[in-house]
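Worksheet for the structure shown next.
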Amino acid sequence: MNIVEISTGNLYDIEILPVDGNDYKFLTKGRYFFNWKLEKEQEVYKLLIQGSNEILGVVSLERIPNEWRIHIRLITVSGENRGKKKRYDKIIGNLIAYVSKLAVEEFGELACVSLKPKTQIAQHYIEKYNMNTTGITLSLEVPEILDLINQYDN
Amino acid sequence: MDESIEHGVDSRYHSKEEQESESVKLMQARLDRMKNLSKGQVRSAKLVQLKLKMENYLKNPVYDSHNYFTDFLRIYIDSIYSKHSEFAVDMNITPVFLSQLINNHREPKDEFIMKLMIHSEKAFANVCDFQEENWYQVYFQEKICDTMSNREKWKPKLEKQIKLGKLLEI
């Protein structure tokens, strides 16, 4: 899995790891958009360039085994990767692909990843990640979830 | 679409009621969509699941005596074939050999694993990027984990046979 430095086009291999207790000192609301300390009891992952300590993206999730589903609770990029002047591309996509891998590994052909964005950005997620819409919930299932994994898992 | 909006989503449910209501609607829609899945799409999902399970095992080895290689082999066969005997025919092995292998009554030979690698290369083509050598890695990882988790059983007996005479003189 990799991300793209927009200014150079260079690709950087990334790793996605569980957030540990020390990370919460750095996961401030100013830089990472949400109060991540409230997610301490959840399953939370961070995205880093391999060999770097700088957290570029974070996702928290809830596994719902009786629905063969993983629901994304919060997902964000770091401050400098927001907006038109962002440094790296593909951070959110890699995080969604990672959650998709967790779901397919656990639930196989029944796997589902869901999230519930606000109306104004839902269309972006539908178009970019080929998500299905049900009410206010967007979801990835087979076959789209496999396409997304293949797209990012290289 | 302006990609600058892609900076974060707060997707938490506001209440238990909202979650339950959305869950019911989502499940109904998913069940409807699942009816349209082809056998090929289901098979692809199972193969990707197997690949991810094997990769996870290699990254996070489990130190016990469980037979992961044969577990993965069984999942692989069941993902593709309705009968194990069909796999045996395609692999040019006897059903008896396959049965003994799957039931852990015999070890896989090199030739079997090599054939399995060739079979996997073909089965995973157009599904996902599968490293066929993972079969070998799983097999040896399992051997290492099995040996190390049982060291209390084999070490005392073998330790008596090992000397470091010359080395200790220096």
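The values are calculated or read from the model by the stated rules, or taken from the named source; none is laboratory data. As the structure is a prediction and not an experimental result, all values here were calculated from the model. No Cβ is skipped: glycine too gets one built from the backbone with ideal geometry, and neighbour counts run over all protein chains shown. Remember, those area values only see protein heavy atoms, side chains included, never the ligands or the DNA or RNA. Shrake-Rupley method; radii C 1.70, N 1.55, O 1.52, S 1.80 Å.
Numbers at a glance
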{"item": "Chain B: angle of helix B:110-124 to the longest principal axis, Cα-based, in degrees nearest 10", "result": "10 degrees"}
{"item": "Accessible area buried, both sides summed, chains A and B with 1.4 Å probe, Å²", "result": "4100 Å²"}
{"item": "Ratio of Rg to Rh over chain B (Cα coordinates, Kirkwood Rh, two decimals)", "result": "1.16"}
{"item": "For region A:2-152, alpha-carbon Rg over 2.2 N^0.38 Å", "result": "1.01"}
{"item": "Å² per residue, accessible surface of region B:109-170 at 1.4 Å", "result": "76 Å²"}
{"item": "Max mean-square fluctuation residue, GNM over chain B, Cα-Cα springs under 10 Å, options B:Ala88, B:Ala125, B:Ala29", "result": "B:Ala29"}
{"item": "Unsatisfied cross-links (Cα-Cα over 26 Å) in the set A:Lys40/A:Lys101; B:Lys25/B:Lys53; A:Lys46/A:Lys85; B:Lys51/B:Lys122", "result": "B:Lys25/B:Lys53"}
{"item": "Mean-position separation - Cα centroids, region B:98-121 and region A:43-71, in angstrom", "result": "36 Å"}
{"item": "Nearest-ten-degree value, helix A:119-129 long axis tilted from longest Cα axis of chain A", "result": "90 degrees"}
{"item": "Region B:40-164 - percent relative contact order, Cα under 8 Å, separation 6 or more", "result": "38 percent"}
{"item": "In region B:129-170, GluC sites (Glu not before Pro) in a DSSP loop with at most 16 other beta-carbon atoms within 10 Å", "result": "B:Glu133"}
{"item": "Solvent-accessible area, 1.4 Å probe, carbon plus sulfur percent, for region B:40-164", "result": "52 percent"}
{"item": "Segment B:Asn36-B:Glu133, extension gain: residue separation times 0.36 nm, minus the distance between their alpha carbons", "result": "31.5 nm"}
{"item": "Helix B:16-34 axis, angle to chain B major axis (alpha carbon atoms, nearest 10°)", "result": "80 degrees"}
{"item": "Whole-number D in µm² s⁻¹ for region B:86-170, Kirkwood Cα-pair radius fed into Stokes-Einstein, 20 °C, 1.002 mPa s", "result": "133 µm²/s"}
{"item": "Residue-averaged 222 nm ellipticity for the protein assembly as shown, from DSSP H runs of 4+ at -39500 (n - 2.57), nearest 500", "result": "-15000 deg cm²/dmol"}
{"item": "Sites B:His14 and A:Asn10 - FRET efficiency at Förster radius 45 Å, r taken between beta-carbons, to 0.05", "result": "0.65"}
{"item": "10 Å beta-carbon shell around B:Lys115, net charge (K/R +1, D/E -1)", "result": "-2"}
{"item": "Computed over region A:1-57, the ratio Rg/Rh where both radii use C-alpha atoms and Rh is Kirkwood", "result": "1.01"}
{"item": "Segment B:Val24-B:Ile144, length gained on full extension (0.36 nm per residue, minus Cα span)", "result": "38.6 nm"}
{"item": "GluC sites (Glu not before Pro) lying in DSSP loop within region A:2-46, provided at most 16 other Cβ fall within 10 Å", "result": "A:Glu41"}
{"item": "Intensity falloff of region B:55-126 expressed as log10 I(q)/I(0), Debye formula with alpha-carbon point scatterers, at q = 0.18 Å⁻¹", "result": "-0.76"}
{"item": "In region B:15-117, trypsin sites (Lys or Arg not before Pro) in a DSSP loop with at most 14 other beta-carbon atoms within 10 Å", "result": "B:Lys35, B:Lys83, B:Arg106, B:Lys109"}
{"item": "Dimensionless Rg over Rh [region B:1-86; C-alpha; Kirkwood]", "result": "1.14"}
{"item": "Solvent-free Debye scattering, log10 I(q)/I(0), computed from the Cα coordinates of the protein assembly as shown at q = 0.16 Å⁻¹", "result": "-1.33"}
{"item": "Longest site-free stretch - chain A; sites: trypsin sites (Lys or Arg not before Pro), DSSP loop, at most 13 other Cβ within 10 Å", "result": "A:41-83"}
